[in-house]
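Student: This is the structure I want to talk about, given as structure tokens.
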Amino acid sequence: MSASSAFNDEKGGSSSVGEPEYGHDPASGGIFSSDYKRHDDLKEMLDSNKDALKLEAMKRIVAMIARGKNASDLFPAVVKNVACKNIEVKKLVYVYLVRYAEEQQDLALLSISTFQRGLKDPNQLIRASALRVLSSIRVTIIVPIMMLAIKEAASDMSPYVRKTAAHAIPKLYSLDPEQKDQLIEVIEKLLADKTTLVAGSVVMAFEEVCPERIDLIHKNYRKLCNLLIDVEEWGQVVIINMLTRYARTQFLNPNINESLLEEGGGGDKTFYCSDEDEDEDEEKEKQAEVSALAKRKPYVMDPDHRLLLRNTKPLLQSRNAAVVMAVAQLYFHLAPKAEVGVIAKALVRLLRSHSEVQFVVLQNVATMTIKRRGMFEPYLKSFYIRSTDPTQIKILKLEVLTNLANETNISTILREFQTYIKSMDKDFVAATIQAIGRCATNIGEVRDTCLNGLVQLLSNRDELVVAESVVVIKKLLQMQPEKHSDIIKHMAKLTDNIQVPMARASILWLIGEYCEHVPKIAPDVLRKMAKSFTNEEDIVKLQIINLAAKLYLTNSKQTKLLTQYVLNLAKYDQNYDIRDRARFIRQLIVPTEKSGALSKYAKKLFLALKPAPVLESPFKDRDHFQLGSLSHLLNAKAGGYQELPDWPESAPDPSVRNVEVKESVPEWTKCSSREKRKEKKVEKPFYSDSEGESGPTESADSEPDTGSGSESVSVSVESGSPSDSEESEESSESDEDEEEEEKEKKKKKKEIKQMQASESEQSSEDDRKRDRKIKEQKSNSESESDEDSESESSQSESSDTESEVEVKKKKKVSEPKPPSKPLKKEKKEMSLLDLDDFEPTPSPQVTPVNTFLSNSLVTDLEGLSLSDSVLSPATIAPSSALKNYELLHRITGEGLSVEYCFSRQAFSPDANMVAVQMHFTNNATSDTKNLHIEDVKLQSGMRVKEFAEIELLPAGEATTAVMGVDFCDSTQAANFQLCTHTRKFFVSIQPPVGELMRPVFLTENEFKKEQSQLMGMNEISENLTLDAKCRNEHAIVQRVTTAANLSRVPCGSDKECRFAGKTVTSGSLVLATVATKDEGAAQLTVNCEKMVIGTMLVKDLLLALTQ
Amino acid sequence: MIHSLFLVNASGDIFLEKHWKSVVSRSVCDYFFEAQERATEPENVPPVISTPHHYLISVLRHRIYFVAVIQSEVPPLFVIEFLHRVVDTFQDYFGVCTEAAIKDNVVVVYELLEEMLDNGFPLATESNILKELIKPPTILRTMVNTITGSTNVGEQLPTGQLSVVPWRRTGVKYTNNEAYFDVVEEIDAIIDKSGSTITAEIQGVIDACVKLTGMPDLTLSFMNPRLLDDVSFHPCVRFKRWEAERILSFIPPDGNFRLLSYHVSSQNLVAIPVYVKHNITFREGSSQGRFDLTLGPKQTMGKAVEAVLVSSQLPRGVLNANLNPSQGTYTFDPVTKLLTWDVGKINPQKLPSLKGTMSLQAGASKPDENPTINIQLKIQQMAISGLKVNRLDMYGEKYKPFKGIKYMTKAGKFQVRT
């Protein structure tokens, strides 16, 4: 009862106070003043059967935990509620459980069965959360249970559960490192996962459990690279860092030859010349190391290396600073010098972020500027310091500015520094003075200017400034003391005023060191110092002794007594260092009988020429730590830091990254035995090849393309569904075919090819292989491009068989149809590409011209296609549809009738014209003579190429002629007069929009890529219901190609038909997609730069598909 | 990764702790307090502190230190970025991120932290997903909860995490469909003593508030996309599309989010909207200094300069200032020596000025440092770079949304050296 009354009281209290903004939260107020006696109430509330009370109690308990108060005595009462129905209570119990399970191991076991039940739940999210809590309970007894749960979850259907499994791995590992081997197995399995959801988490687990097992990455390398852009941002950071390490072990240094090149004729590389000077020594060493290697084999970047660089680059645009930094370090460590520059802009952008981010970024930029100064030079002004920056940021910016200073920009930088010196922030001013000193040492030209400036600072009112200047001047003077005796004199005077010990010590050291330049002043300074010796700081005392010793050696007449006085004072000093030093020096410089041979050399010892100090950046050599890492920031190895390995001298076998399809990967379609056989066959000659190194170079080059292509399409592809990857790979296959076929054509082997096509499937397959081998021998590069798609090897059998089925289907469809008419040649390819695997097809861009000219070839081919049932369906598709339009009716034409059609062939005299075939029939009783065109009236820009005059058309005869019209991509009619020897007829030709284009061949990827660029206004979509007769793919293809002169684009999905063409005049792409849905519903999408054409085409196609 | 999190307030009390792995004693924060003491200013506490067994990575926001404890190598930016994301989430949930707000909502905070990290590795940081899991507290919901006994924790399971667009929750419904975009540009500049510009650049952001039903696919195009030199996107933006056509194409998250931030290339000359005439002098020997400041509009394209606020850190030697503003009010804090002058709107006919004397410590020599003048201002309905949104289209949904675009120019880090 007491519990509920307390509860009510509180509620009343807080509502009367009224916290409109956050509302009433029972955890607030009272809880923070609660005392331990209330725990009894809490127990009672937890035991009650009202959820509200339980919740109330749990909230109070969580509030206690948050404050760091011990609530462990409530464990039994809380753990009972683990199976509570109320979600919030349950969640809070989980929070409690995870926090205290470690302390109450036995009791915690009570809850385990609840989670085990949860692991079997049909809902993936409940399975995941059960695993999450189960693995978070740090109780060693349940390790076997956890192991089992993780293993099971790792092969769960749901990627979300698999992700949770990946998260659980490091938890289990930290609980029991003995399980490592088993966990590695799970990691290996999860690494093969193809979903973006899992990728980040499993790499994280990999980094925690077995970062040394780099071999596990090989097979997954390319996949990780390709998935990277879609992984969530935190996972990206982890993956990029891991891949940086991986790349360092697997690829060659891309800058190996850089130095050689630049020394040879590096005129064009002026951008980096400036650091070349600095790095010269280093470069030379490196060069010597690698020159032998380099000479033997010119550096070719491994395509996988390139893949990584290319796929990470877009992430520089991430909103997450950690991702940007990760990419930046990857480029810094892995990219060729010329490409590293891209990261500068992104890093400079981060300087706008929170000061903590700035702090880390500036640290890294400071390291980078030492190695690659040129990169940040254009952004010099971004590092200018504002008075509102925190001091630590100011000092880092100063560091960067100093590193960036060179002959050309030093004057601006020094001017900036001048304003900084007036700052109110004294630490910053001191740092500025040191920066000036460093600029002066690095850049000879400004040394005097800097020195003068610093000397002026000596009269500054602020002692700190003066002191810092003295220290810096001392270092500068050491470089050329003889010129600056007046500065030394000036500084000698300062000893009266300056109190900062470091500065005093510096002045004394200077005077002692160069006492020969100031012979009169030096003894006087010593005299003054001797007077104040006892009051000086220790470092000053030491320098006084030094000064005395040096003067004694050079000018013993004047200073002997003073020296002895100083030494005597020092002998009784409190500090033992000083007593020691005094004793030592006395023995050394004052010759006595006891002193040995050493005193003869005293002068040499004390007044030896000392090398000038090098003012170095504290960031020098920090880059041996991986940039962006904690270790780099601290300049000390942090626990768990993985050393960034050096580049290997020769690249390990790149073939390890080639992926074979494994049965164990559920998402991948099974690989047919044929595929494997093929793979092996190709691999052999390939790797035994002497230039095997550069082989895969090209090979993977096309891979990222497929990756990027599919990415660009839309989010739906990003889901990484297996069908997509199949599609793209398939299309790359067809790519290859095209390529192949083109080469063939050049070799004029067309006929042979056609024959092959008519052969059985098996033999054509064999042929292909034979061909391939021949080509391999011919040129390496060709074979590589083949190898490329082989190595991907993901072309699935299923897709193969699919297309086979398709072919058969087509056979059936086609056979009853009449043989095709002439002129349809180029239409053939549209559906031919469906058969991509079986035979090469002539590509339209090459053929049309000659086909038109050489009729014989056309007929040849025609004959072939007629006899060849495989080819025929494609040929037929458009032919039946060639539509005739009337130009002149026989009545108006007084017996002469003219029809025209668009032959869809390239008009050979002018490629920009549409060929119009005219069919003249003389129905009159008399002959018609001198048929020709006159008085052409056209819209601006349009042109007409007339047909040659037809001298005689006898009565009852017919003839054809072809004229070309450039419609300028518009459907405006071409008006002209058709003249005979007696009459003139006004006629006009108006093209349907579908005839204003000609087919082009695109692969699926190209199509997607182009389509993605033609979005927005350039895309027109319409939903439609397909005509009942036109619900199969074939019919759609036929209708579309009839309505518009487009060619079919191969497509992996049977739900979509894609078509591509170009407008005849401007060559703008026209892309059409028909996506079919259930029950005849479909969506038609047309992408075209020319919106008018697009809209008209949509109309026409709609008509064609719905009627 | 992240082991534990401690929240420390300005007076150095730990008022919240959360552990994701084994419990780390709060005594680890002593190292942090040490560093805090050493630092003269609160923002000078190093973000990364190394202790014998742990590393402390901290951020300071809203006068609260968020101190993360980590044990082994991890990219420091990873942690810093995450901590900032935590603060942003709190702000999103509670409106403000203050000690009081966190204490009031300690349970929600705890639930959030629990969801955001799993074993120290970020799990759900998208506000859309989090809001699906844990409903932000509102008056109405609290009332309903107390009556019906329901909870803040979402009954639905976080389906968003499974979707291909994890930033957008599913099943969004609005009666009024609207999409607002704010183009906000900030001028960062350093102006010389003589009034010439040392460096000036424009940084801009496009913040969006999208309340649209279903799964809309938006495209936003610019009249002059070439102005944008360097951009960073919300993950929803399709990068390839931008690369190819300079069009922003995206499925937006629900609610408020930052669509992109950009930098206008430094080649373009930056219009500086105001000029400052200043005369701040200290005479040797006298305990008086003169202070004379006049503001005027410069290149504002005819728009009014509003909400002008001038602040300046005066030298330590200044005891007090006796000034006379022609408009607005000024304050001088004799402890921090911070002078602020709230000018308001600049009237081009009657330029605002602040004149008067400063009294210096008697006997002290004249300060040789010059104060810098920081200026804040706002110009409505104009993006100073000239960036213009061309059009906004929506695909994928049938309804007609209400669209709005607002431009604004602000002064970012705008400093005048004297």
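Student: Would you tally the residues in the stretch B:294-342 being of a type outside the set (A, V, I, L, M, F, W, C) and part of a loop (DSSP other than H, G, I, E, B)? If you could, list the steps in order and put the result at the bottom.
Tutor: Within the stretch B:294-342, the first condition is being of a type outside the set (A, V, I, L, M, F, W, C), and the residues that meet it are B:294, B:296-300, B:302-303, B:306, B:311-313, B:315-317, B:320, B:322, B:324-331, B:333-334, B:336-337, B:340, B:342.
Remaining after also requiring part of a loop (DSSP other than H, G, I, E, B): B:298-300, B:302-303, B:315-317, B:326-328, B:334, B:336-337.
Result for the stretch B:294-342: 14.
Student: When you go through B:R258, B:R226 one by one, which is the residue that is modelled with pLDDT under 90, charged (D, E, K, R), under 29 Å from B:I187 (Cβ atoms) and surrounded by fewer than 21 Cβ atoms within 10 Å (Cβ to Cβ)? If you could, list the steps in order and put the result at the bottom.
Tutor: Values: B:R258 fails: modelled with pLDDT under 90.
Step by step, each of B:R258, B:R226 is checked, and only B:R226 is modelled with pLDDT under 90, charged (D, E, K, R), under 29 Å from B:I187 (Cβ atoms) and surrounded by fewer than 21 Cβ atoms within 10 Å (Cβ to Cβ).
Student: Going by the structure shown, is B:E73 closer than 30 Å to A:A636 by Cα, modelled with pLDDT of 90 or more and in contact with a Phe, Trp or Tyr (Cβ under 6 Å, 6 or more places away or on another chain)?
Tutor: Numbers: closer than 30 Å to A:A636 by Cα: yes; modelled with pLDDT of 90 or more: yes; in contact with a Phe, Trp or Tyr (Cβ under 6 Å, 6 or more places away or on another chain): yes.
Considered against the rule, which asks whether it is closer than 30 Å to A:A636 by Cα, modelled with pLDDT of 90 or more and in contact with a Phe, Trp or Tyr (Cβ under 6 Å, 6 or more places away or on another chain), B:E73 comes out as yes.
Student: Can you say whether A:F947 is surrounded by 18 or more Cβ atoms within 10 Å (Cβ to Cβ) and either in a loop (DSSP other than H, G, I, E, B) or of a type in the set (G, A, S) (or both), as far as the supplied structure shows?
Tutor: Details: surrounded by 18 or more Cβ atoms within 10 Å (Cβ to Cβ): yes; either in a loop (DSSP other than H, G, I, E, B) or of a type in the set (G, A, S) (or both): yes.
Yes, satisfied.
Student: Follow-up question, since we're still on this one. For B:V107, which of the numbered conditions (1) at the interface with another protein chain (Cβ under 9 Å from one of its Cβ atoms); (2) closer than 23 Å to A:T388 by Cα fails to hold?
Tutor: Against the list (1) at the interface with another protein chain (Cβ under 9 Å from one of its Cβ atoms); (2) closer than 23 Å to A:T388 by Cα, B:V107 comes up short only on (2).
Student: Another question, if that's okay. Give the number of residues within the stretch A:904-917 that are more than 45 Å from the chain's Cα centre (by Cα) and crowded, with 20+ Cβ neighbours inside 10 Å.
Tutor: Going through the stretch A:904-917 one residue at a time, the tally reaches 3.
Student: Turning to a different aspect of this structure: What single numbered condition from (1) in contact with a Leu (Cβ under 7 Å, 6 or more places away or on another chain); (2) within 14 Å of chain B (Cβ to nearest Cβ); (3) aromatic (F, W, Y) fails to hold for A:F115?
Tutor: (2)
Student: Continuing with this model, one more query. Select, from B:D230, B:D217, the only residue that is at the interface with chain A (Cβ under 8 Å from one of its Cβ atoms) and at negative phi.
Tutor: Every option except B:D230 fails the conditions.
Student: Moving on to the next point. Which numbered condition trips up B:E34, out of (1) open to solvent by less than 30 Å² (accessible area, probe 1.4 Å); (2) modelled with pLDDT of 90 or more?
Tutor: Result: B:E34 passes all but (1).
Student: Show the residue pairs meeting these rules: Cβ distance below 8 Å; 6+ apart or different chains; first residue within the stretch A:999-1017 and away from chain B (no Cβ under 13 Å) and crowded, with 24+ Cβ neighbours inside 10 Å; second residue polar (S, T, N, Q) and part of a helix (DSSP H, G or I).
Tutor: Final answer for the pair search is A:T1003/A:S731; A:T1003/A:S732; A:T1003/A:S734; A:E1004/A:S728; A:E1004/A:S731; A:E1004/A:S734.
Student: Given the criterion within 14 Å of chain A (Cβ to nearest Cβ) and closer than 30 Å to B:L220 by Cβ, identify the matching residue among B:R316, B:R391.
Tutor: Going through B:R316, B:R391 in turn, just one is within 14 Å of chain A (Cβ to nearest Cβ) and closer than 30 Å to B:L220 by Cβ: B:R391.
Student: Looking only at the stretch A:432-450, count how many residues are open to solvent by 10 Å² or more (accessible area, probe 1.4 Å) and closer than 13 Å to A:A366 by Cβ.
Tutor: Total meeting the criteria: 1.
Student: Hey, any hits in the stretch A:347-370 for a residue that's buried (at least 19 other Cβ atoms within 10 Å of the Cβ) and farther than 30 Å from A:K422 by Cα?
Tutor: For the stretch A:347-370, residues buried (at least 19 other Cβ atoms within 10 Å of the Cβ) and farther than 30 Å from A:K422 by Cα: absent.
Student: Further, regarding this structure: Keeping to the stretch A:494-518, report how many residues are in contact with a Leu (Cβ under 9 Å, 6 or more places away or on another chain) and in a helix (DSSP H, G or I).
Tutor: 11
Student: If you take the residues of the stretch A:80-114 that are free of Cβ contacts under 8 Å to residues at least 24 places away in the same chain and within 23 Å of A:R127 (Cβ to Cβ), which of them is surrounded by the fewest Cβ atoms within 10 Å (Cβ to Cβ)?
Tutor: The residue in question is A:S113.
Student: Considering each residue of the stretch A:976-1020, count those that are acidic (D, E) and in contact with a Ser or Thr (Cβ under 6 Å, 6 or more places away or on another chain), and give that number.
Tutor: 1
Student: Within the stretch A:528-640, which helices (runs of 4 or more DSSP H) (wholly inside it) include 3 or more residues that are within 14 Å of chain B (Cβ to nearest Cβ)? Before you say what the answer is, go through the steps one by one.
Tutor: Working: elements: A:538-554, A:556-571, A:576-589, A:602-606, A:630-634.
Helices (runs of 4 or more DSSP H) meeting the threshold: A:630-634.
Student: Having 1 or more residues that are among the small types (G, A, S) and over 40 Å from the mean Cα position of the chain (by Cα) is the bar; report the helices (runs of 4 or more DSSP H) wholly within the stretch A:404-491 that clear it. Lay out the reasoning, then the answer.
Tutor: Working: elements: A:410-421, A:426-442, A:447-457, A:463-477.
Where helices (runs of 4 or more DSSP H) fall fully within the stretch A:404-491 and carry at least 1 residues being among the small types (G, A, S) and over 40 Å from the mean Cα position of the chain (by Cα), they are A:426-442, A:447-457, A:463-477.
Student: Here's a follow-up. Output the number of the condition that A:V133 fails; it satisfies all remaining conditions of (1) assigned to a helix (DSSP H, G or I); (2) more than 14 Å from every other protein chain (Cβ to nearest Cβ).
Tutor: A:V133 satisfies all of (1) assigned to a helix (DSSP H, G or I); (2) more than 14 Å from every other protein chain (Cβ to nearest Cβ) except (2).
Student: So, one more: In the stretch B:252-280, which residues are away from chain A (no Cβ under 14 Å) and either closer than 30 Å to B:Q361 by Cα or touching a Pro at 6+ places or on another chain (Cβ under 7 Å) (or both)?
Tutor: Of everything in the stretch B:252-280, those that are away from chain A (no Cβ under 14 Å) and either closer than 30 Å to B:Q361 by Cα or touching a Pro at 6+ places or on another chain (Cβ under 7 Å) (or both) turn out to be B:P273, B:V274, B:V276, B:K277, B:H278, B:N279.
Student: Test A:M424 against the stated conditions and say whether it is within 21 Å of A:D389 (Cα to Cα), among the aliphatic types (A, V, I, L, M) and either out of contact with any helix residue (DSSP H, G or I) (no Cβ under 8 Å at 6 or more places or on another chain) or open to solvent by 40 Å² or more (accessible area, probe 1.4 Å) (or both). Even if it seems obvious, please write down each step before you answer.
Tutor: Numbers: within 21 Å of A:D389 (Cα to Cα): yes; among the aliphatic types (A, V, I, L, M): yes; either out of contact with any helix residue (DSSP H, G or I) (no Cβ under 8 Å at 6 or more places or on another chain) or open to solvent by 40 Å² or more (accessible area, probe 1.4 Å) (or both): yes.
Answer is yes for this residue.
Student: Is it fair to say A:K163 is open to solvent by 40 Å² or more (accessible area, probe 1.4 Å), basic (K, R), in contact with a helix residue (DSSP H, G or I) (Cβ under 9 Å, 6 or more places away or on another chain) and closer than 24 Å to A:L197 by Cα?
Tutor: When the stated conditions are applied, A:K163 does not pass them.
Student: Let me ask something additional. Of (1) open to solvent by 10 Å² or more (accessible area, probe 1.4 Å); (2) farther than 19 Å from B:V184 by Cα; (3) touching a residue at least 60 places away in the same chain (Cβ under 8 Å), B:A244 satisfies all except one. Which?
Tutor: (3)
Student: Something else about it: Out of the residues in the stretch B:106-128 meeting the condition of being hydrophobic (A, V, I, L, M, F, W, C) and more than 19 Å from B:M1 (Cβ to Cβ), tell me which one is surrounded by the fewest Cβ atoms within 10 Å (Cβ to Cβ).
Tutor: Among those residues, the one meeting the criterion is B:V108.
Student: For the stretch A:372-408, name all the residues that are touching a strand residue (DSSP E or B) at 6+ places or on another chain (Cβ under 8 Å) and closer than 15 Å to A:V348 by Cα.
Tutor: Matches in the stretch A:372-408: A:K381, A:S382, A:Y384.
Student: Report every pair of residues separated by at least 6 positions or lying on different chains whose Cβ atoms are under 8 Å apart, first residue within the stretch A:52-79 and facing chain B (nearest Cβ under 10 Å) and at positive phi, second open to solvent by 20 Å² or more (accessible area, probe 1.4 Å) and outside any helix (DSSP H, G or I).
Tutor: Partner pairs satisfying both residue conditions: A:G68/B:I14.
Student: Let me ask another. Kindly check whether there is at least one residue in the stretch B:42-57 that is within 7 Å of chain A (Cβ to nearest Cβ) and surrounded by 23 or more Cβ atoms within 10 Å (Cβ to Cβ).
Tutor: Yes, some residue in the stretch B:42-57 is within 7 Å of chain A (Cβ to nearest Cβ) and surrounded by 23 or more Cβ atoms within 10 Å (Cβ to Cβ).
Student: Considering only residues of the stretch A:986-1014 that are over 42 Å from the mean Cα position of the chain (by Cα), in a strand (DSSP E or B) and not aliphatic (A, V, I, L, M), which is farthest from A:I1093 (Cα to Cα)?
Tutor: A:F986
Student: I've got another one for you. Among (1) under 24 Å from A:K171 (Cα atoms); (2) in contact with a strand residue (DSSP E or B) (Cβ under 9 Å, 6 or more places away or on another chain); (3) touching a residue at least 12 places away in the same chain (Cβ under 8 Å); (4) not basic (K, R), where does B:S72 come up short?
Tutor: Of everything listed in (1) under 24 Å from A:K171 (Cα atoms); (2) in contact with a strand residue (DSSP E or B) (Cβ under 9 Å, 6 or more places away or on another chain); (3) touching a residue at least 12 places away in the same chain (Cβ under 8 Å); (4) not basic (K, R), B:S72 misses just condition (3).
The values are calculated or read from the model by the stated rules, or taken from the named source; none is laboratory data. Keep in mind that this is a model prediction, so the values were computed, not measured. Every residue, glycine among them, receives a Cβ derived from its backbone with ideal geometry; neighbour counts consider all protein chains shown. Keep in mind that these areas ignore ligands, DNA and RNA; they rest on the heavy atoms of the full protein, side chains included. Shrake-Rupley method; radii C 1.70, N 1.55, O 1.52, S 1.80 Å.
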